[in-house]
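Here's the structure, in structure tokens; my notes come after.
The values are calculated or read from the model by the stated rules, or taken from the named source; none is laboratory data. Bear in mind the structure is a predicted one, so any value in this text is a computation, not a measurement. Cβ placement follows ideal geometry from the backbone for every residue including glycine, while neighbour counts extend to all protein chains displayed.
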Amino acid sequence: MTTYTPNMNEMGSGTAVPPSPTPQTDILRTAETLRWQIGQNFHEQLMEDIYTEAARIADRAVTRPNEKPRFDLDRTIDRIVTSRIWGFPLMVLLFTVVFWLTISGANIPSGWLSALLLDTVHPLLKAGAAAIHMPWWLSGLLIDGMYLATAWVVSVMLPPMAIFFPLFTLLEDFGYLPRVAFNLDNVFRKSGAHGKQALSMMMGFGCNAAGVVATRVIDSPRERLIAIITNNFALCNGRWPTQILIATLFIGGLVPAYLAGLVSALAVVSIAVLGVLLSFALSWGLSRSILKGEVSTFSLELPPYRPPRVWQTIYTSVIDRTLIVLWRAVTFALPAGAIIWLMANVTIGGTSIAEYLINFLNPLGLLIGLNGVILVAYIVAIPANEIVIPTILMLTVLVTGITGVGAGAGVMFDMNGSAMKGLLDTGGWTLLTAVNLMLFSLIHNPCSTTIYTIYKETGSKKWTLIASLLPVAMGFIVTFLVAQVWRLVTG
Amino acid sequence: MPDPLISLVVAGLLMGLSALIFWPEKGLLARWQNNRQITHRILGEDALKHIHKCDIKGRRPTMESIAGSLHIGTNETAVLINELQSQNLVQVVDGDIHLTLQGRDSALHIIRAHRLWERYLAEETGYSEADWHGQAERFEHQLSADELDVLAAQLNYPTHDPHGDPIPSASGEMVAHGGQPLTALPLDAPGQIVHLEDEPPMVYAQLIAEGLHVGMPVRVTEVTAERIRFWANGDEHILAPIFANNISVVALPEAPPQPEVESASLNDLQPGEAAEVLSISPNCRGMERRRFLDLGILPGTIIQAEMHSPGGGTTAYIIRGALIALREQQANYIKIKRQQPEVAV
């Protein structure tokens, strides 16, 4: 047995020395020798030289006449929108206008749509089904279940999206949004995120699925994942109505009537702000734990301003954003409607599946300051948050056995404020239930459309799972803590 | 309804317990996995690596030095050496421990895995420099020779790890960097950093904090018993000799082309000022470097600072006619030579 004596200066003191060198092995040996002589940063140097040469050729061949004047107008606008004094107030003002237009402007078409789809078409369909002697279970499944859930989603979801997305796209097209990212970058940097997350978050206020798609503008892998996972904490259009309704009924009711509107609006806004703070906190946590090893880069282009192309913008935002999101929501709402109806109507030993589930989840629900009905509603409403309230109402009627309210088992319905408050009080609701419902509505798993979009965008089961389960775990923890502290304080 | 105080306490205990078990790196589960991983095979491989390292440095590997580097007792070490000998990996002659050819190949495989993995972490992931070594210590035992070939191809067959250590080729060849400690470089002679020792971690952390990196040009201006003063890539550094000893340099035949004045980085530009790019720091690697090149940030490019973000920390620059915002940390990588504003764009 030979013993190895190290001699590191001797080239090729290896095991693979061939007995008689052929020309090929000679070349390989030479290459191997040269490989060690070209230096460590050979690739970087080569790449830099290629780029430098390309830039030199381009600079020599391309002339850029008269680009100064246009540039100066841009600089003037930039100086205003990114100034220390005017930058932030201007930003807050613009987005308040956008949200106000969306929420107040959507009420009217939403009313029309629900009058048409829910109050007119639905009875007509039922009558038609009765006329052709359709069995009750089939018409229930198809019309009360699938049609009604879909109609509900469309009437609540379509108008705000059709207003919000074009407005947002106009701001984007004008070139303002990158300046927002620029203004806010420091906050995002401190939480380990990319400034452009401001944009995907804002888009998330319209719809989380669209917000997740909007993270495509973030070119750094780590920051993009952060933006995707935390987008759920931007309170989307589907959840605004729930928040507004519960705040009006339970929190507005605490104060004199003339303050009610203001207080409930404040409650909703604080939930939305809490969502933004949570997304910063989660970004910070993620970038220090599971996302530590992902690649991170930063550069943010601030494109020149240009007059928005209004019609083109409206066309693309309606086609690309609104309709695609709506279509996905509809495809998920159809089976959800069927499941809701079946759960309420399929009985085992005289008790419906829904009641079994509610009774099973009730202890857990009560522990975290909610109840079984709410948890079941959130499970079946994974496809679309819009149907949470109608489902809760329907299930509450089912469980409490109140007669004279609603339209039968498995049929979602809406009702006016005071009657709804009365029904919910009968269902055992307290102020704590309302507060925790608002919190849970903010902090729970994304809807199935968003989950599917996350999967499409990340292409990874692992990140989809994390993005779906992390918020719901956080929701349970937050509502649990609030409930216990509440009970301690109020006795 | 359970008493809220009791449920709070129970939940707190549960969460504390699960944190104790599942906490990354320090939790019981992570420790248990870690301990389970330190198998006999891994101890053997680490021992081979240690003996090879001693061989290269011209030291004599002993039972005690092996026990020390593996954090095990001398009894255990004796058993281990015995086993390695029976596997024909080491040979003990007159009390001296030697590697056999087969043992040397195993050691080189582990070294190749370690250094390729460090290179991979540096180029393709966002782990910080301080994390590279520890991660590579774990992964070096898990990669097969075929996997290493794939990894090497993916990284364009690198010759050196990010600290400047040579990566053995698949056939086991490597050439040491041939550098000398920084303290041995003659005064005012031009040199270049070829290696930064990553052990012990505390010393390495200090070198990282100084912003030193393999490939930087250096020039020593003062050596005393207490300190060594030198220029590296346009910045002046002062280190204790014990720290400077972990930096290896080679002498360069001629002075680097750039004049050695305290250079500025892009961060130092105020809005309205313009400057010419001198270089992108070698610290800036992988995707980040490519992004800079894509944006056209190259030696000779004129860059003008335009405005600061009102939130601070980010500044917009005019680069080849486009307005691009960079963060402080990024702008720091770009060394510049100041210009008069009139010349800009």
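Among the candidates B:Ile56, B:Ile42, B:Ile66, the residue that is at the interface with another protein chain (Cβ under 10 Å from one of its Cβ atoms), assigned to a helix (DSSP H, G or I) and not polar (S, T, N, Q) is uniquely B:Ile56.
What about A:Thr230, is it under 20 Å from A:Ser448 (Cβ atoms), at pLDDT 85 or above, in a helix (DSSP H, G or I) and touching a Ser or Thr at 6+ places or on another chain (Cβ under 8 Å)? Criteria met by A:Thr230. Residues of region A:415-463 that are in contact (Cβ under 8 Å) with a residue 40 or more places away in the chain and small (Gly, Ala, Ser): A:Gly417, A:Gly427, A:Gly428, A:Ala434, A:Ser441, A:Ser448.
Selection of region B:40-66 for residues being more than 17 Å from B:Ile111 (Cβ to Cβ) and either buried (at least 20 other Cβ atoms within 10 Å of the Cβ) or of a type in the set (Ser, Thr, Tyr) (or both) yields B:Thr62, B:Ser65. Restricting region B:230-241 to residues that are at pLDDT 85 or above and surrounded by fewer than 16 Cβ atoms within 10 Å (Cβ to Cβ), the residue that is nearest to B:His177 (Cα to Cα) is B:Pro241.
State whether the residues of region A:148-169 include one that is within 18 Å of A:Pro335 (Cα to Cα), hydroxyl-bearing (Ser, Thr, Tyr) and in contact (Cβ under 8 Å) with a residue 12 or more places away in the chain. Checked region A:148-169: at least one residue is within 18 Å of A:Pro335 (Cα to Cα), hydroxyl-bearing (Ser, Thr, Tyr) and in contact (Cβ under 8 Å) with a residue 12 or more places away in the chain. Listed by position, the helices (runs of 4 or more DSSP H) contained in region A:34-134 that have at least 1 residues being at the interface with chain B (Cβ under 10 Å from one of its Cβ atoms) are A:42-61, A:68-81, A:87-114. When the residues of region A:345-372 are filtered to those that are among the small types (Gly, Ala, Ser) and assigned to a helix (DSSP H, G or I), the one that is farthest from the chain's Cα centre (by Cα) is A:Ala354.
Only a single criterion out of (1) surrounded by fewer than 24 Cβ atoms within 10 Å (Cβ to Cβ); (2) at pLDDT 90 or above; (3) aromatic (Phe, Trp, Tyr) is not satisfied by A:Tyr258, namely (2).
Would you pick out the residues in region A:286-316 that are surrounded by 15 or more Cβ atoms within 10 Å (Cβ to Cβ) and more than 12 Å from every other protein chain (Cβ to nearest Cβ)? Once the filter is applied, which keeps residues that are surrounded by 15 or more Cβ atoms within 10 Å (Cβ to Cβ) and more than 12 Å from every other protein chain (Cβ to nearest Cβ), region A:286-316 yields A:Leu286, A:Pro308, A:Thr313, A:Ile314, A:Thr316. Residues in region B:281-306 that are in contact with a Leu (Cβ under 8 Å, 6 or more places away or on another chain), facing chain A (nearest Cβ under 9 Å) and surrounded by 19 or more Cβ atoms within 10 Å (Cβ to Cβ): B:Glu306 alone.
Being surrounded by 17 or more Cβ atoms within 10 Å (Cβ to Cβ), more than 14 Å from chain B (Cβ to nearest Cβ), farther than 19 Å from A:Cys236 by Cβ and not charged (D, E, K, R) is a description that applies to A:Gly427. Take the conditions (1) touching a Pro at 6+ places or on another chain (Cβ under 8 Å); (2) in a loop (DSSP other than H, G, I, E, B); B:Gln192 misses just one of them, which is (2).
Condition check ((1) touching a residue at least 24 places away in the same chain (Cβ under 8 Å); (2) assigned to a helix (DSSP H, G or I); (3) within 12 Å of chain A (Cβ to nearest Cβ); (4) among the charged types (D, E, K, R)) across all residues:
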| position | (1), (2), (3), (4) |
| --- | --- |
| B:Ile81 | yes, yes, no, no |
| B:Gln85 | no, yes, yes, no |
| B:Asp105 | yes, yes, yes, yes |
| B:Ile110 | yes, yes, no, no |
| B:Ala130 | yes, yes, yes, no |
| B:His141 | yes, no, no, no |
| B:Asp149 | no, yes, no, yes |
| B:Ala153 | no, yes, no, no |
| B:Asn156 | no, no, yes, no |
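Scanning region A:300-316 for residues that are in contact (Cβ under 8 Å) with a residue 60 or more places away in the chain and either under 20 Å from B:His308 (Cβ atoms) or not charged (D, E, K, R) (or both) yields A:Leu300, A:Glu301, A:Leu302, A:Pro303, A:Pro304, A:Tyr305, A:Pro307, A:Pro308, A:Val310, A:Thr313, A:Ile314, A:Thr316.
Here A:Gly195 clears all of (1) within 22 Å of A:Tyr305 (Cα to Cα); (2) part of a helix (DSSP H, G or I) except the condition numbered (2). Per the conditions (1) facing another protein chain (nearest Cβ under 10 Å); (2) more than 30 Å from A:Leu364 (Cα to Cα); (3) over 26 Å from the mean Cα position of the chain (by Cα), the sole criterion not satisfied by B:Val9 is (2). Residues that are assigned to a helix (DSSP H, G or I) and of a type in the set (A, V, I, L, M) within region A:208-226 comprise A:Ala209, A:Ala210, A:Val212, A:Val213, A:Ala214, A:Val217, A:Leu225, A:Ile226, listed in sequence order.
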